[in-house]
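Read through the structure below, which is laid out as structure tokens, and then see the notes.
The values are calculated or read from the model by the stated rules, or taken from the named source; none is laboratory data. Note that the structure is predicted; figures quoted are calculated from it, not measured. Cβ sites come from the backbone with ideal geometry, for glycine too, and all protein chains shown count toward neighbours.
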Amino acid sequence: MDLRKSYAIMSNDISEVFSSKAIYMPMIAVPAFFAVMLPVLTYYISIYNLSGLAAHLVGSAADLVSGIGPNGQRFMAYFSIYVLGPIFMTMPIFTASVIAADSFAGEKERKTSEAILSTPVTTIELLVGKIAASFIPAVLLTLVVFAIYGSMINYLSMKAFGTYLLPTLSWLLMILLAPFLSLAAIGIVVLVSAHVQGIKEAQQISSLLILPVMLLPFASIFGVADLSPGFFAETMAVLTLIDISVIYVGIRSFRKEAIL
């Protein structure tokens with residue numbers, strides 16, 4: 001395998017994605033907006049309006065935030081980590097699926113797949129290049145958004161309570177899940193790319209991965225799941241098996257002609 005060919009494919013696909021504002025602007029602007037606004041909302045609830053719901057949430061998370069200051073601070077710690085944290089975990093799935101769908105299914109819509117197939121590149125070189133083109137930006141953008149969000153939370157918690165709330169072990173494990181979630185989304189796009197005709201179909205199918213992640217905040221609120229470090233470590237182990245399986249099956253079943 002010639003990694004230079006894979007690198008050339010990766011560079012071309014990344015340039016293609018980030019040359020279109022319609023693709024990259026929502027992918028960057030929306031998570032960045034929420035990374036700033038959601039901490040501000042959490043801060044104001046913690047300081048000025050600790051409602052009955054907030055008090056109930058703090059009570060249900062007593063074990064997770066035990067030993068952390070007054071109710072307002074405990075609520076902010078719980079909500080910013082165990083409710084909003086899982087919401088931001090959808091970003092690597094969303095970003096990877098958008099880029100991968102454009103990279104694979106998008107070739108069909110743009111009628112550019114013939115140029116790729118005419119070059120002396122193997123199926124493995126093609127897949128490595130396209131997977132890397134989706135994986136690297138998804139992980140990097142996720143890290144940036146998590147950093148913005150974490151900085152906002154720490155700034156506001158320091159302002160209100162004189163202490164930082166992040167990072168915690170659970171928070172760090174959420175960040176470490178980003179590569180695993182990205183690979184799962186990319187693997188699904190690879191699998192379905194031969195059976196769909198456009199970007200939207202590929203995005204919709206791969207984005208189904210977002211649904212179980214979006215259930216995590218509710219599972220935490222209602223006490224169904226304990227979003228402790230052990231939970232995230234187990235989730236990482238399960239995702240590792242899923243990633244290996246999906247990528248393996250995708251590589252075995254994928255043919256260059258699939259993007260025609």
Of the residues in region 201-260, how many are of a type in the set (Phe, Trp, Tyr), modelled with pLDDT of 75 or more and crowded, with 16+ Cβ neighbours inside 10 Å? 2
Is it true that some residue in region 30-46 is within 17 Å of residue 156 (Cβ to Cβ) and at pLDDT below 80? yes
Scan region 7-24 and report the pairs whose first residue is without any contact (Cβ under 8 Å) to a residue 24 or more places away in the chain and closer than 16 Å to residue 127 by Cβ and whose second residue is surrounded by fewer than 17 Cβ atoms within 10 Å (Cβ to Cβ) and of a type in the set (Asp, Glu), with Cβ atoms within less than 9 Å and a gap of 6+ or a chain change. none
When region 124-166 is checked residue by residue, the ones that are more than 24 Å from the chain's Cα centre (by Cα) and not in a helix (DSSP H, G or I) are 162, 163, 164
Just give me the residues in region 138-190 being among the β-branched types (Val, Ile, Thr) and either more than 17 Å from residue 78 (Cβ to Cβ) or surrounded by fewer than 24 Cβ atoms within 10 Å (Cβ to Cβ) (or both), in sequence order. 139, 142, 144, 145, 148, 163, 168, 175, 186, 188, 189, 190
Could you list all residues from region 1-26 that are surrounded by 13 or more Cβ atoms within 10 Å (Cβ to Cβ), of a type in the set (Ser, Thr, Tyr) and within 14 Å of residue 101 (Cβ to Cβ)? 24
Flag if residue 121 is of a type in the set (A, V, I, L, M), part of a helix (DSSP H, G or I) and modelled with pLDDT of 75 or more: no
